[in-house]
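Engineer: Can you keep this structure in mind? I'll have questions shortly.
All of the numbers you see were taken from the coordinates with simple rules; none came from a lab. Values in this document were obtained by computation on a predicted structure and should not be read as measured data. We place every Cβ from the backbone using ideal geometry, glycine too, and count neighbours over all the protein chains shown.
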Amino acid sequence: MHIDGVRYALDFLTQPRSELARPTAAGKVECLACAHRCKLAPGARGVCLVRFRQEDALRVPWGYTAGVAVDPIEKKPFFHLLPGAKALSFGMLGCDMKCAYCQNWFTSQSLRDQAASQEAVPTSPEALVAAARRLGCPVITSTYNEPLITAEWAHDVFALAKEEGIVGTFVSNGHATPEVLDYLADVLAGYKVDLKSFSHENYRRLGGKLDAVKETIRLVWERGIWCEVVTLVVPGFNDSDHELAAMAEFLVSVSPDIPWHLTAFHPDYKMTDPPRTSAATLIRACGIGRQAGLRFVYAGNLPGQVEPWEHTHCPTCGTVLVTRWGFTVLENRLTAQGSCPRCHHSIPGRWRVPVPAPHAH
């Protein structure tokens, strides 16, 4: 199907919603789902191409998935949120950015690239939550494309999941607004943010704004949503000592307890020139993060090659608390309260599934 046909078909899988829409004095509707803050005249689409104005209403994606899978929570990656748990992961189509090296381009770029996925399977929040419960997943995750642009759908899924004691999480580029974070705060337990670079110019090339992502990390942490940050280390793009140190120092300024994951790039999509990221580069980057003052720094995507940076250590006594091989937890020595069994230091994170509120009768 041609891209225009995909867009037309997806338009039927939308709802008119007002939570993230604001009228402007000029007669437009401002979309508050991401930091582009698109101001839409009648018939206009946002940068993401999946949110659009129809007459006076903002129509937003709702009622479908473009992929569902059960993943280990470590694959998101969350290392301080229910280690070893299974996460029911679902995605939709579209993105508000256009990263040349996107490793999920098959869903994120579907309305820009003819070669990307066109699959949209109708479903409901009830069906997704029932699947999570049936498959023994204490976590449900909006991922694979950019969840901010489908925030209303995620909110409805997560609100229902929360009633069942299942926690909702985002895997996102973090190109958010304070308004969308306020909207999601009550149903969002964990937020993984991609910090792609610390260069304003690099972010412009990717179709976003560095300052918006920095603000998102600060606001997510301030709201008490568990936050972990990932940087895909791309040779020649963001792997200099100076840039890595700047990212680490920023994270420390928010909190030294934010886990920072440094993951290996492999040539993908439209960025095929840089070489794969070496284990030595990831180990160097982890050392920079630790030197800056971050207490929890991890190397990813190269299992067994990046010792000791796959594991969680107690920052007080050095005890290995969680041992991992890639996305697999080999041993978890944390106490039930999430503390070190040796020195009893409390480790930041979310270690227990919340008890759901009793249903009203």
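Engineer: Relative to 2.2 N^0.38 Å, what does the C-alpha radius of gyration of segment 234-350 come to as a ratio? Two decimals please.
Structural biologist: 1.13
Engineer: Taking the Cα centre as origin and putting +1 on Lys and Arg beta-carbons and -1 on Asp and Glu beta-carbons, what dipole magnitude results for the chain, to the nearest 20 debye?
Structural biologist: 160
Engineer: In addition: Just going by the charge dipole of segment 3-61, with Lys and Arg at +1 and Asp and Glu at -1 on Cβ, which of Ala25, Val60, Pro42 is farthest out on the positive end?
Structural biologist: Ala25
Engineer: Provide the percentage of antiparallel DSSP beta bridges, counting only those with both residues in the chain; round to the nearest 5.
Structural biologist: Percent antiparallel among DSSP bridges in the chain is about 50.
Engineer: Which one of Thr312, Gly165, Gly300 has its Cα pushed farthest toward the positive end of the charge dipole of the chain, where Lys and Arg give +1 and Asp and Glu give -1 at the Cβ?
Structural biologist: About the Cα centre, the residue reaching furthest to the positive side is Thr312.
Engineer: Starting from one equal scatterer on each C-alpha and no solvent at all, send me the Debye-based log10 I(q)/I(0) for the chain at q = 0.10, 0.11 Å⁻¹, two decimals.
Structural biologist: Summing over Cα pairs of the chain leads to -0.61, -0.74.
Engineer: With the cut-off at 1.5 for a/c, could you classify segment 15-93 from its C-alpha gyration tensor as rounded, prolate or oblate?
Structural biologist: It is prolate, given that a/c is not under 1.5 and a/b is the larger ratio.
Engineer: Throw me the Rg/Rh for segment 3-61, computed over C-alpha atoms with Kirkwood Rh, two decimals.
Structural biologist: Result: Rg/Rh = 0.95.
Engineer: Assuming R0 = 35 Å, can you tell me the calculated FRET efficiency for the pair Thr323 and Leu135, based on Cβ-Cβ distance, to the nearest 0.05?
Structural biologist: For R0 = 35 Å, the calculated efficiency reads 0.85.
Engineer: Next question. Give the cross-link partners of Lys76 among the lysines, using a straight C-alpha distance below 16 Å as the criterion and excluding same-chain residues fewer than 8 apart.
Structural biologist: Within the straight-line cut-off, Lys76 pairs with Lys86, Lys192, Lys196.
Engineer: Let me ask you something else. Run lengths n ≥ 4 of DSSP H only: what is the helix-derived mean residue ellipticity at 222 nm for the chain, with -39500 (n - 2.57) per run over all residues, to the nearest 500?
Structural biologist: Computed mean residue ellipticity for the chain: -7500 deg cm²/dmol.
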